[in-house]
Amino acid sequence: MHRRAFYCVSDADYFLGLVALVNSLRLVGQREPIIVLDCGLEPSQRTLLEREATVLTPSRDRSPIWAKFDAPLQLPAAEVMVVIDVDVIAVRTLAELLDRAASGSVVAFTDDQPAYFNPEWRSVLDCPELKPRTYVNAGFLALPGDFGPELIRRIREVQDHLFLND
């Protein structure tokens, strides 16, 4: 089991973004394992990627958008799991953010739609009360290893109850 790891998902259409993400992480000094869920990479792309990352096969057929949390459950890290989209490029070290997650914090960034709220989430999330709060972007989530897997399982349960377009 890895101590800390980065997780992302890609298909052939997003391969260039994936390569940019992997290269940017290495250029800023991140040496943690990178785990990629293959949701449709070409064999040649997978072969190139396996030089720098661990490539996993999805446990079930899902859109890459909804499969992003599968890899951390397949191969969880003990201390910090960073779920990161392949359209993200690291421009400086992420060590401080990973350290925050290691100390028990969930690290996320506010979305450009901070007021996004749907009262129907109350029933989907099985919450007695739900208030509008800051909306976070799921393109970068650093989760503590002690409760990250349980949080991810809960996210996947909620996804299974939503009627979303792929």
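Figures for the structure shown
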| item | result |
| --- | --- |
| Calculated P(r) tail over 14 Å for the range 100-158, as whole % of Cα pairs | 65 percent |
| Rounded if a/c under 1.5, otherwise prolate or oblate - the range 56-96, Cα gyration tensor axes | oblate |
| Percent carbon-and-sulfur accessible area, the range 1-126, ignoring ligands, DNA and RNA, probe 1.4 Å | 52 percent |
| Candidates Leu48, Leu141, Leu16, ranked by Gaussian network fluctuation over the chain, Cα under 10 Å, top entry | Leu48 |
| Helix 148-161 axis, angle to the chain major axis (alpha carbon atoms, nearest 10°) | 60 degrees |
| Around Arg3: net Lys/Arg minus Asp/Glu count, Cβ-Cβ under 14 Å | -2 |
| Residue-averaged [θ]222 nm for the chain, counting only DSSP H segments that reach four residues, each worth -39500 (n - 2.57) | -9000 deg cm²/dmol |
| Surface accessible to a 1.4 Å probe, Ser123 within the full protein complex, Å² | 90 Å² |
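The values are calculated or read from the model by the stated rules, or taken from the named source; none is laboratory data. Here the structure is a predicted model, which is why all the values come from computation and not from measurement. Here Cβ is always computed from backbone atoms with ideal geometry, including for glycine, and neighbour counts include all displayed protein chains. Just the protein is used for accessible areas: all its heavy atoms, side chains included, with ligands, DNA and RNA removed. Shrake-Rupley method; radii C 1.70, N 1.55, O 1.52, S 1.80 Å.
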